[in-house]
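Written below as structure tokens is the structure these notes are about.
Only the coordinates and a few stated rules stand behind these numbers; no lab work does. All figures in this text were calculated on a predicted structure; none of them were measured in a lab. With ideal geometry, Cβ positions are generated from the backbone for all residues, glycine too; neighbour counts draw on all protein chains shown.
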């Protein structure tokens, strides 16, 4: 049975993985450094990193005995495009609220 490839939306759904992405946005890091930021086992950290790798949000490379991870943010473009579509709805609601408040103040 083939492994399920995770998509960007599934990968960022978990707060631990979002925090891992934030850490990697600062600089590349080995697993030991990443694991030190979380109250979970190194095995759990490795599983989270695997999901982020499958979604192609990070890349790992072997350096000596350690694996170093770097952020690969390009797949986040898909998320940005999806969110920007819905942004117009938020802007419309805020605009309606502004008009409502201003009309209420005039009365």
If we sort 35-46, 85-96, 15-26 on the protection proxy, mean other Cβ atoms within 10 Å, highest first, what's the order?
15-26, 35-46, 85-96
Segment residue 68-residue 97, length gained on full extension (0.36 nm per residue, minus Cα span)
5.6 nm
Restricting to Cα pairs below 8 Å that are 6+ residues apart, what does the relative contact order work out to for the stretch 1-73? Please round to a whole percent.
37
Percent of all Cα-Cα pairs per 10 Å bin for the chain, counting from 0 up to the last occupied bin, reads 13, 35, 22, 13, 10, 5, 1, 0
At each listed q (0.13, 0.31 Å⁻¹), what is the log10 of I(q)/I(0) that the Debye formula gives for the stretch 1-57 modelled as equal alpha-carbon point scatterers?
-0.30, -1.42
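Work out, in µm²/s and without decimals, the Stokes-Einstein translational diffusion coefficient of the stretch 45-92 at 4 °C, 1.567 mPa s, Rh from Kirkwood over C-alpha pairs.
It diffuses with D of about 102 µm²/s by this estimate.
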Gain in length, residue 105 to residue 59, computed as 0.36 nm per residue apart minus the alpha-carbon separation, to one decimal in nm?
11.1 nm
Just to confirm the number: angle between the C-alpha axis of helix 15-26 and the first principal axis of the chain, 0 to 90 degrees, nearest 10?
80
Against the longest principal axis of the chain, how steep is helix 76-106, in degrees 0 to 90 to the nearest 10, with axes from Cα atoms?
30
